[in-house]
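Novice: My structure is below; once you've seen it, I'll send some questions.
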Amino acid sequence: MSFPHDPFRIGPVEVPNRLVMAPLHEITDQPFRKFIREIGGVGLTVSEMISSEALIRHAVKAERMMAATGEKPLSMQVSGGRPEALAEGARLCEAAGADLVDLNMGCPASNVTKGGAGSALLRDIRLAERCVTAMVKAVRVPVTVKMRAGWDASQKDRGEFLDFLRMFEAAGVQALAIHPRTRAQQYEGHADWCIIARAVEAGTSYPVIGNGDVNEAADAFRMVEETGCAAVMIGRGALYNPFLFRQILDPGFAVTTEMRIDATLRLFQILLDLLEPREALHKIKKIGAWFTKGVPGGHGFRQNLHAASDAQALLAAIDALRHQGAA
Ligand SMILES: Cc1cc2nc3c(=O)[nH]c(=O)nc-3n(C[C@H](O)[C@H](O)[C@H](O)COP(=O)(O)O)c2cc1C
């Protein structure tokens, strides 16, 4: 295989290149995925984690998380700790147009793990097996898993993740993304890519997607070289630099200040188009300053952004930034 340009397959689904945008709760919603697809370079996008319990209650917020704007291929990620709820959640995602359904076995947040979901599944391989088996039986589209290296350092050191990998294979899982921090680490320390290499060495029939600490184009190449993973999944790196996928595909791809300001404006426009005004404003305040770190006038821009009370004020803040950048 040749990284990063060659397609790869997850069951029957072809992913056009080896770059995956990671699921990010309250970030990789429909507007953000539309934005990152427009910027280009990404082969596969994943929804934010959607609670299967909320889906089966038909909670409006969860149902909205399944909204998509025709991006292909699209994976929808469900979370939960009950096989029946996960099976129904997977069915609902498939009906909403998911090309793949992913099970979250990594979320470290205690409000998720205390219900037995996310990384808590790493503590009970039999329950995890019942969960993936129920999902595989429930849908025709491929089921995938995103996991951490273990619950804590001792579980990681015992290499228990390898038992999970074999279990996934027997249960019919068709791809695995691995973020090699433990639950106990949360987001501290570094992602131990040796775990990705060991997962690849296990020789599973499904592709292993590496994840964690890819912040620059060179990191992606190094991850593939050091681990042999089939594809690279990027989360936070793409928030600070949404052009990262393009830069991995084309090392000569240069990002100018103007491009970063244009990208910020475009994200604002998409959010304003697709969300209610209040929600759009909230989201823009949360994520709107990421792409302008280091841009001249960025500090004043962030202040204007936080003070903005409507869309007009947001657009004026961008205008002011553009003029400062050009000055
Ligand atoms: C704000 C935030 C939200 C996240 N939400 C999810 C999620 O919904 N589902 C999931 O599987 N992982 C989630 N993650 C984990 C990321 O997908 C990824 O595994 C992790 O950030 C490591 O990759 P990175 O170093 O490229 O960011 C989240 C991470 C962050 C920082």
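Novice: Please go through the stretch 288-327 and give me each residue that is among the acidic types (Asp, Glu) and either outside any loop (DSSP other than H, G, I, E, B) or touching a strand residue (DSSP E or B) at 6+ places or on another chain (Cβ under 6 Å) (or both), ordered by number.
Specialist: Asp319
Novice: Looking at the stretch 218-232 only, could you name the residues that are near the ligand (Cβ under 10 Å from one of its atoms) and surrounded by fewer than 24 Cβ atoms within 10 Å (Cβ to Cβ)?
Specialist: Result: Asp219, single match.
Novice: Condition test on Met105, is it within 16 Å of the ligand (Cβ to nearest atom) and over 14 Å from Gly80 (Cβ atoms)?
Specialist: For Met105, the condition - within 16 Å of the ligand (Cβ to nearest atom) and over 14 Å from Gly80 (Cβ atoms) - is not met.
Novice: Applying the selection to the stretch 14-30, what residues are in contact with a Ser or Thr (Cβ under 9 Å, 6 or more places away or on another chain) and surrounded by fewer than 23 Cβ atoms within 10 Å (Cβ to Cβ)?
Specialist: Passing the criteria: Asp29, Gln30.
Novice: Out of Ala280, Ala263, Ala254, Ala218, I need the residue that is small (Gly, Ala, Ser), in a helix (DSSP H, G or I) and farther than 30 Å from Ala175 by Cβ. Which one?
Specialist: Just one listed residue meets the conditions, Ala280.
Novice: Further question on the same structure: Taking the stretch 121-147 as the region of interest, how many residues are part of a helix (DSSP H, G or I) and in contact (Cβ under 8 Å) with a residue 40 or more places away in the chain?
Specialist: The number of residues fulfilling the criteria is 13.
Novice: Starting from the stretch 167-178, keep only residues that are part of a helix (DSSP H, G or I), then list their pairs with residues that are within 16 Å of the ligand (Cβ to nearest atom) whose Cβ atoms are within a distance under 6 Å, requiring at least 6 positions of separation or different chains.
Specialist: Close Cβ pairs satisfying both conditions: Phe168/Val145; Ala171/Val132.
Novice: Counting just the residues of the stretch 233-243 that are crowded, with 22+ Cβ neighbours inside 10 Å and within 10 Å of the ligand (Cβ to nearest atom), which one comes out nearest to Asn17 (Cα to Cα)?
Specialist: Met233
Novice: Which pairs have Cβ atoms under 7 Å, sit 6 or more apart or on different chains, and link a residue in the stretch 230-247 that is assigned by TED's automatic domain parsing to the domain that holds Met21 to one that is aromatic (Phe, Trp, Tyr) and part of a strand (DSSP E or B)?
Specialist: Qualifying pairs under 7 Å: Ala230/Phe8; Ala231/Phe8.
Novice: Next question. Quickly run through the stretch 57-94 and pick out the residues that are hydrophobic (A, V, I, L, M, F, W, C) and either touching a Phe, Trp or Tyr at 6+ places or on another chain (Cβ under 8 Å) or over 19 Å from Cys131 (Cα atoms) (or both).
Specialist: Ala59, Val60, Ala62, Met65, Met66, Ala67, Ala68, Leu74
Novice: Any residue that is outside any strand (DSSP E or B), without any contact (Cβ under 8 Å) to a residue 60 or more places away in the chain, of a type in the set (Ser, Thr, Tyr) and within 13 Å of the ligand (Cβ to nearest atom) - is there at least one of those in the stretch 33-45?
Specialist: no
Novice: Here are Thr292, Thr257: which of them is modelled with pLDDT of 90 or more, closer than 17 Å to Asp319 by Cα and surrounded by 14 or more Cβ atoms within 10 Å (Cβ to Cβ)?
Specialist: Answer to the check: Thr257.
The rows are residues; the columns are (1) touching a helix residue (DSSP H, G or I) at 6+ places or on another chain (Cβ under 6 Å); (2) closer than 29 Å to Pro7 by Cβ; (3) charged (D, E, K, R).
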position: Cys229; (1), (2), (3): yes, yes, no
position: Thr256; (1), (2), (3): no, no, no
position: Gly288; (1), (2), (3): yes, no, no
position: Phe291; (1), (2), (3): yes, yes, no
position: Gly294; (1), (2), (3): no, no, no
position: Ala308; (1), (2), (3): yes, no, no
position: Ala317; (1), (2), (3): yes, no, no
position: Leu321; (1), (2), (3): yes, no, no
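Novice: Next question, about the same structure. Within the stretch 71-91, identify whether any single residue is modelled with pLDDT under 95, away from the ligand (no atom under 14 Å from the Cβ) and of a type in the set (Asp, Glu), and answer yes or no.
Specialist: yes
The values are calculated or read from the model by the stated rules, or taken from the named source; none is laboratory data. Just so it is clear, the model here is predicted, and its values are computed rather than measured. Virtual Cβ from ideal backbone geometry, glycine too; neighbours counted across all protein chains shown.
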